[in-house]
Amino acid sequence: MSKISLIAKLTAAEGKGAELEAVLAEVVTAAEEEAGLEIYSAHKDSAHEGVYYFFELYTDGDALGVHGKGDGMKAAMGKFAGLLGGRPEITMMNPVVAKGMDI
């Protein structure tokens, strides 16, 4: 099976950027419980205030299928309520070539 990667764009609700960043840190910490989640990193858009991107890399579709279902992740993800200015925009991908990660 091939690895699966994705980018999720999150936009903070007005005035909620700092709170959202705190929850992003909690979610990344909680992601330690997911063995098939190889990379889970949050990035702040330097050109657009309140816009964040997650880069995620999973070993396979099974690993993606269990994402967010552990107790720690459920608790952390539940804290997004009221912090987002809309639904996340998700782009699914399959890695082709990379430096710094085994694909």
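Need pairs with beta-carbon distance below 7 Å; first residue within 11 Å of ILE7 (Cα to Cα) and acidic (Asp, Glu) and within the stretch 90-103, second modelled with pLDDT under 90 and part of a strand (DSSP E or B); sequence gap 6+ or separate chains.
So the pair list comes out empty.
Restricting to the stretch 1-30, name every residue that is more than 18 Å from MET92 (Cα to Cα) and assigned to a loop (DSSP other than H, G, I, E, B).
ALA13, GLU14, GLY15, LYS16
Going through the stretch 64-92 one residue at a time, which ones are hydrophobic (A, V, I, L, M, F, W, C) and under 14 Å from the mean Cα position of the chain (by Cα)?
Residues satisfying the conditions are LEU64, VAL66, MET73, ALA76, MET77, PHE80, LEU84, ILE90, MET92.
Every residue, every condition in (1) of a type in the set (Gly, Ala, Ser); (2) over 15 Å from GLY72 (Cα atoms); (3) surrounded by 13 or more Cβ atoms within 10 Å (Cβ to Cβ); (4) over 14 Å from the mean Cα position of the chain (by Cα), yes or no:
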{"site": "LEU6", "(1), (2), (3), (4)": "no, yes, yes, no"}
{"site": "LEU10", "(1), (2), (3), (4)": "no, yes, yes, no"}
{"site": "GLY17", "(1), (2), (3), (4)": "yes, yes, yes, yes"}
{"site": "VAL23", "(1), (2), (3), (4)": "no, no, yes, no"}
{"site": "ALA31", "(1), (2), (3), (4)": "yes, no, yes, no"}
{"site": "GLU38", "(1), (2), (3), (4)": "no, yes, yes, no"}
{"site": "SER46", "(1), (2), (3), (4)": "yes, yes, no, yes"}
{"site": "GLY50", "(1), (2), (3), (4)": "yes, yes, yes, yes"}
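I'd like the full set of residues that are at positive phi and surrounded by 12 or more Cβ atoms within 10 Å (Cβ to Cβ), limited to the stretch 71-98.
Within the stretch 71-98, none qualify.
When both residues are 6+ apart or on different chains and their Cβ atoms are under 8 Å apart, which pairs have a first residue that lies in the stretch 28-44 and is touching a residue at least 24 places away in the same chain (Cβ under 8 Å), and a second that is surrounded by 15 or more Cβ atoms within 10 Å (Cβ to Cβ) and basic (Lys, Arg)?
Close Cβ pairs satisfying both conditions: GLU38/LYS3.
The values are calculated or read from the model by the stated rules, or taken from the named source; none is laboratory data. Keep in mind it's a predicted model, so treat the numbers as computed, not measured. Note that each Cβ is placed from the backbone with ideal geometry, even for glycine, and that neighbours are counted across all protein chains shown.
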